[in-house]
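Written below as structure tokens is the structure these notes are about.
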Amino acid sequence: MIAIGLLFVRMLCDYFKSRPQLEAEIVILRHQLNLLQRRAPRRPHLRWVDRAPFIWLYRRCPRVLRAITIVRPETILRWHRMGFAAYWRWKSRSSGGRPRIAREVRDLIRRMSFENSLWGATKIHGELLKLGIVVAQSTVSVYMVPRRDRPLQTWKTFLRNHMEGIASIDLFVVPTIAFQQLFAFLVHGHERRGLLWFAVTRNPTAEWLARQITEAFPWDRAPKYLIRDNDRVFGAVFKAHVRAMGIRDRPTSFRSPWQNGYVERLIGSIRRECTDHLLVFNAEHLRRILAKYATYYNEVRTHVSLGKDAPCRRPVERFGDIVAYPVLGGLHHRYARI
């Protein structure tokens, strides 16, 4: 740095010298440089302080390359490119990554992931939003307890818009501990993705299904359309009863379960989150299990299609200590503030 300072001082002094004196000094300096080159034929090793004046003079006047003798002109150009890259690398450096979340939030995410082995990042993120903790879903995926049987990021948004005045029904089979079969009847509302009604029987008939529709929908709250499959159990009695209630019956096409995807999704959720992890003793036991799950599903469980809200519009709690209430014997938990 001292050498560069002396160089600039001498440059300022040259402005007060006459032209003949400057030309004479240039000739003397070139002669001395020729003598030093003959004495030291090896290539000199220059530090960055020595390279800086070359680069600065080249930027101000590119023709100075003709006067360079101790290094090659290509070397000056290479130094200039390296300096250009280093400058923009410094200027576009990162000012810091995403801020770290609080340790309490990280511990809570791991706790939820550990206590609810069936939950993915989507559900945990919904629970955090309901507790007044705003974090990104990708952050939740990072701090979850990793498992081999499921990815960190689960359940993408499958539908964003909901339809009003439409309900869907279906039956699914639940085996008992005595190897018997119980039929669970579900009524699913499309407006808020809620489980509107459920019933359990060993022998479903058209009369029994018609009675369940009456109990599920009062006469002044019946949906406009009812989506179902082409099961033979939905006989003439059921169709006539539905028509009398002012509901338009809309059966799906043959072998097209995707046309009734809402209730199929609900049945899959019940199996994955409830019945596949419990042993059912009899019909009354299954009714109690479905009643508890229906309360959890409608009032607690967050849904992707509802913007991480519950069908019964679960409020956001921002103040108080976080406590966990077990659901279905600890298979799920409800988190709230007290």
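Counted by Cβ distance under 13 Å from G246, the other residues give a net charge of +2, where Lys and Arg count +1 and Asp and Glu count -1. Beta bridges assigned by DSSP with both partners in segment 166-299 are antiparallel in approximately 70 percent of cases. Magnitude of the charge dipole for segment 239-334, about its Cα centre and with charges confined to Cβ atoms of Lys, Arg (+1) and Asp, Glu (-1), is about 400 debye. Its relative contact order, with pairs defined as Cα atoms under 8 Å and 6+ residues apart, puts segment 196-273 at 29 percent. Each residue of segment 196-212 was assigned a 3J(HN,Hα) from its phi angle through the Karplus curve 6.51 cos²θ - 1.76 cosθ + 1.60 (θ = phi - 60°); the sequence is 7, 7, 8, 8, 10, 8, 8, 9, x, 10, 5, 5, 5, 5, 5, 5, 5 Hz, with glycine and proline shown as x.
As a proxy for reagent exposure, V242, V173, V300 were ordered by neighbouring Cβ count within 10 angstrom, fewest first; the result is V173, V300, V242. The string of couplings for segment 106-113 from the Karplus curve (6.51, -1.76, 1.60, θ = phi - 60°) is 4, 5, 5, 5, 5, 5, 4, 5 Hz, one whole number per residue in order, with x for Gly and Pro. Under 5 Å between amide hydrogens, built in the peptide plane, is the criterion, and for D170 it picks out L186 among residues at least 5 positions away or on other chains.
Once backbone amide H atoms are built at 1.01 Å from N, L182 has V174, T176 as its partners under 5 Å, excluding neighbours fewer than 5 places away on the same chain. Amide H contacts under 5 Å for T302: none, restricted to partners 5 or more places along the chain or on a different chain, H placed in the peptide plane at 1.01 Å from N.
In plain terms, the chain from H285 to W88 could stretch by 64.0 nm, reckoned as 0.36 nm per residue minus the Cα-Cα distance. A Förster distance of 56 Å, applied to the separation of the beta-carbon atoms of L77 and S138, puts the FRET efficiency at 0.80. Shown for K239, K91: other C-beta atoms within 10 Å of each C-beta, ranked fewest to most, produce the order K91, K239. Across segment 166-299, counting alpha-carbon atoms alone, Rg and Dmax equal 14.4, 41 Å.
Going by C-beta contacts inside 10 Å, put S18, S269, S256 in order with the fewest on the left.
If I rank by nearby Cβ atoms, fewest first, I get S18, S256, S269.
Placing +1 on each Lys and Arg Cβ and -1 on each Asp and Glu Cβ, with no other charges, gives segment 166-299 a dipole about its Cα centre of roughly 220 debye.
Applying the Karplus relation 6.51 cos²θ - 1.76 cosθ + 1.60 with θ = phi - 60° to segment 306-314 yields 3J(HN,Hα) values of 9, x, 6, 10, 8, x, 8, 6, 6 Hz, where x marks Gly and Pro.
We did not get these values from a lab; they are worked out from the coordinates using the rules stated. If you're wondering where the values come from, they're calculated on a predicted model, not measured in any experiment. For neighbour counting, all protein chains shown are included, and Cβ atoms are generated from backbone atoms with ideal geometry for every residue, glycine included.
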